[in-house]
Structures are given as structure tokens and as C-alpha cells.
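Chemist: Sending over a structure as C-alpha cells; questions will come in a sec.
The values are calculated or read from the model by the stated rules, or taken from the named source; none is laboratory data. The structure presented is a predicted model; accordingly, all values stated were derived computationally and were not measured. Every residue, glycine as well, gets a Cβ built from its backbone with ideal geometry; the counts of neighbours run over all protein chains shown.
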Amino acid sequence: MEGNKTSYESTDAYISTFPADVQEVLAELRQFIKELVPEAREKISYQMPTFDLHGNLVHFAAYKNHIGFYPAASGIEAFKEELAAYKGAKGSVQFPLGKPLPYELIGRIVAFRVAENIERAKRKSKK
């Protein structure tokens, strides 16, 4: 069964596999994060578009009915009250397709994760 798994080479390749309306949402989210963290590197991790800055920062993915956003467990925990309106799990949140993404909240979560990753990198470099 492992042979059936799709392997994406880039974020562009990932986004291109979705219908036009979903591609638009994914492209807007990608651009928003790029503008927030221009120094972050894009890659595919866990078969999802990922931004990396001193380690994985956030991942995002499209599904039938939602956009999955993965800011790690710490990113979910730090904003759990504001994220309570959405379905989610320990390290993820589901933003329903067909509704505007909460960019202001996403921006604060990304900023939190940037600060967290920079702090962790500083601690590692002191060792």
C-alpha cells in the first residue's frame, strides 16, 4: 500500500493538485505566511507544505471540507481559547472551507511559533 502514497516535490506541486477555489485559499495562506516570515524556508514535510525556521514552524494542508493548520501542540495550547470555535486536536486546527480564514489569529500563532523556534535555537547554540 505504501506505493500508492503521493509524494510532493514542492509547495507549488501540492497546491496544484486541488480545485481552483481551494488552490486560491492555499496560495493566499502561503503568501500570508511568507510575508510574515520572509526568512522562513519552504519545504514539504509530512507530505504537507511547511515553513521552516530553526525547525518546523507551521504546516498546512487542504482536505475535503477544511484547511488543516499545524502550528505544533504549543501553538494550539497558547491560543486554545481563541481556537475553541474550531475543530482540532493537540497540534492542529481545522478551518472550514467556504469561510474566510482567521488571518489575524493565524498571524499571531505564526509569530508565537517564530519566537518559540528562535528561543529554542538560541538555547541550543549556548550548549
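Chemist: State whether one or more residues within the stretch 110-126 are closer than 21 Å to Asp21 by Cα and in contact with a Leu (Cβ under 8 Å, 6 or more places away or on another chain).
Modeler: no
Chemist: A follow-up question, please. Say we look at the stretch 61-104 and pick out the residues that are within 13 Å of the chain's Cα centre (by Cα) and aromatic (Phe, Trp, Tyr); which of these is surrounded by the most Cβ atoms within 10 Å (Cβ to Cβ)?
Modeler: Phe69
Chemist: Could you run through the stretch 50-91 and say how many residues are among the aromatic types (Phe, Trp, Tyr) and not in a loop (DSSP other than H, G, I, E, B)?
Modeler: 4
Chemist: Could you please let me know if Val114 is at pLDDT 95 or above, within 15 Å of Leu36 (Cβ to Cβ) and crowded, with 17+ Cβ neighbours inside 10 Å?
Modeler: Yes, satisfied.
Chemist: Next question, about the same structure. Determine the pairs where a residue that is more than 14 Å from Arg113 (Cβ to Cβ), located within the stretch 75-101, has a partner that is among the small types (Gly, Ala, Ser) and surrounded by 11 or more Cβ atoms within 10 Å (Cβ to Cβ) with Cβ atoms under 7 Å apart, the partner being 6 or more residues away or on another chain.
Modeler: Note: pairs meeting the criteria are Lys90/Ala73; Gln94/Gly68; Gln94/Gly88.
Chemist: Could you tell me which residue of the stretch 16-41 is surrounded by the most Cβ atoms within 10 Å (Cβ to Cβ), considering only residues that are small (Gly, Ala, Ser) and either within 13 Å of the chain's Cα centre (by Cα) or modelled with pLDDT under 95 (or both)?
Modeler: Ala40
Chemist: I've got another one for you. Within the stretch 46-60, which residues are hydroxyl-bearing (Ser, Thr, Tyr) and surrounded by 13 or more Cβ atoms within 10 Å (Cβ to Cβ)?
Modeler: Thr50
Chemist: On to the next question. Considering only residues that are in contact (Cβ under 8 Å) with a residue 60 or more places away in the chain and closer than 18 Å to Glu77 by Cα, which ones fall in the stretch 114-127?
Modeler: Val114, Asn117, Arg120, listed by residue number.
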